[in-house]
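Take a look at the structure set out below.
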Amino acid sequence: MGINLHEKLSGLRTKNATTANLNLLDGFKELLNKPSEGVRILTNLFQSDGAHETLNFDALKTENIYHISDIKELCVNYRLRFLDSKHFNGTFPTDALDAVKDFEAAQGLEIKGFKMIAPAGMFKLAEKDKDPLLFVPMGGGYHYLIAKWGNDLHPLRRALVYPFRDFESLMKTVFGFCLAVAFLFPESLIRGPKDTGTIVHLRVIFFFWMVFSTGAMTALYGFSRIKNFNANLWKSNYLD
């Protein structure tokens with residue numbers, strides 16, 4: 001009759017079982033069921049509704065504190081979004097998780113309120129972009145920057161999105177474009193065979209014609225694409 005090694009091993013475990021071994025087993029089960037620090041932080045990041053935290057001001061760096069008015073201006077100037085981290089569609093690198101862990105250690109509490117500045121594409125809205133900033137709301141309109149990753153935005157981004165800041169910026173862009181075209185356009189293409197006015201008069205007429213036609217095309221494009229201004233989008237969960 002053969003020996004069942006499985007049964008023998010089980011018998012030895014029962015025979016040698018002690019309180020210490022049982023406690024070790026319970027501790028191992030608890031360790032397996034307890035999420036790692038990284039998993040816990042990621043869970044908080046992807047579930048955060050941006051609620052403000054009560055922080056220990058003695059452990060904060062003044063240069064990392066930003067008011068909502070400054071954040072709004074940055075988002076409007078560069079056509080960015082400032083939303084709860086649960087809307088973020090990108091990845092959080094190890095450096096960002098370490099920054100959150102270090103911040104929690106310095107504060108002596110678990111942080112669950114997070115907000116982010118990033119291009120619209122990184123909030124499940126469209127194509128991807130770069131350079132997100134991670135904040136912890138402090139209350140009173142103030143937010144604490146704890147992490148930044150990715151590459152810098154293109155240096156021309158502010159100029160390229162300037163027309164979309166607000167209606168005033170759009171009109172300035174239209175008038176500036178029309179003015180440049182009207183005064184740089186060759187005289188030979190402006191003056192017809194029967195035009196007797198001075199070139200200044202012709203350029204003024206051409207300028208107003210450009211304003212009318214460019215404004216009409218801009219309005220037609222804006223309404224057809226349902227584009228909104230940065231001043232209305234910076235805290236919006238919607239694409240446009």
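FYI, it's all coordinate maths here, none of it is from the lab. Everything numeric in this text was worked out from a predicted model, so none of it was measured. With ideal geometry, Cβ positions are generated from the backbone for all residues, glycine too; neighbour counts draw on all protein chains shown.
Miscellaneous remarks
- Residue-wise HN-Hα coupling along segment 50-59, computed from phi with Karplus coefficients 6.51, -1.76, 1.60 (Hz; x: Gly, Pro): x, 5, 6, 10, 8, 9, 8, 5, 5, 9
- Using a cut-off of 22 Å between Cα atoms, the listed pairs Lys172/Lys235; Lys86/Lys235; Lys148/Lys235; Lys86/Lys112; Lys61/Lys148 include Lys172/Lys235 as exceeding that distance.
- Spacing of the modelled spin labels on Thr173 and Ala51, each 7 Å from Cα toward Cβ, amounts to 4.0 nm.
- Label point distance in nm, Lys148-Asp58, each placed 7 Å from Cα along Cα→Cβ: 2.9
- Order of Glu73, Glu104 under a 10 Å beta carbon neighbour criterion, fewest first: Glu73, Glu104
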